[in-house]
Amino acid sequence: MTARPARIVDAHVHLWDPANVEWYPYLGGGQDLGMGDVTGMACRFDVPTYRAEAPGWNVEKWVNVAAATGRHSVAEALEMDRRADTEGHPDAIVGGLPRPTRWPSRSRCSTSNSPPAASVASGR
């Protein structure tokens, strides 16, 4: 048997339910992301599924990375936070924020001409 680490933080997990076609349209074929055939991903992946697929590995913490598209990534992050309270995981959430309706004035921006990337991370 291969030696295994004493403890693991899985830093990139996508918990999703393809039945939620508004959040995950690409899992049902409703949106092409240029990733090729995604039919193998088109199944519910939740905390019980993760646990069932990781037996024998001491995964202590999980980081859920947003998989919802566009404006739905905020609702997904809030839902993952709610689930963490009831299911114990994920332990941190990386989610997106919608684009602001108005960018800050140039005087508040850094020397870069690009708008800042909108993202949010939540740790427990």
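The values are calculated or read from the model by the stated rules, or taken from the named source; none is laboratory data. These figures come from a predicted structure and were not determined experimentally. Cβ sites come from the backbone with ideal geometry, for glycine too, and all protein chains shown count toward neighbours.
Some observations on this one:
- A count restricted to the range 52-79 and to residues that are within 16 Å of A11 (Cα to Cα) and either under 12 Å from the mean Cα position of the chain (by Cα) or surrounded by 15 or more Cβ atoms within 10 Å (Cβ to Cβ) (or both) stands at 9.
- Qualifying positions in the range 13-31 - modelled with pLDDT of 90 or more, polar (S, T, N, Q) and in contact with a helix residue (DSSP H, G or I) (Cβ under 6 Å, 6 or more places away or on another chain): none
- Summed over the range 3-19, the residues that are in contact (Cβ under 8 Å) with a residue 40 or more places away in the chain and assigned to a loop (DSSP other than H, G, I, E, B) give a count of 6.
- Whichever residue in the range 20-51 is within 16 Å of the chain's Cα centre (by Cα) and not in a loop (DSSP other than H, G, I, E, B) and, among such residues, is surrounded by the fewest Cβ atoms within 10 Å (Cβ to Cβ): T49
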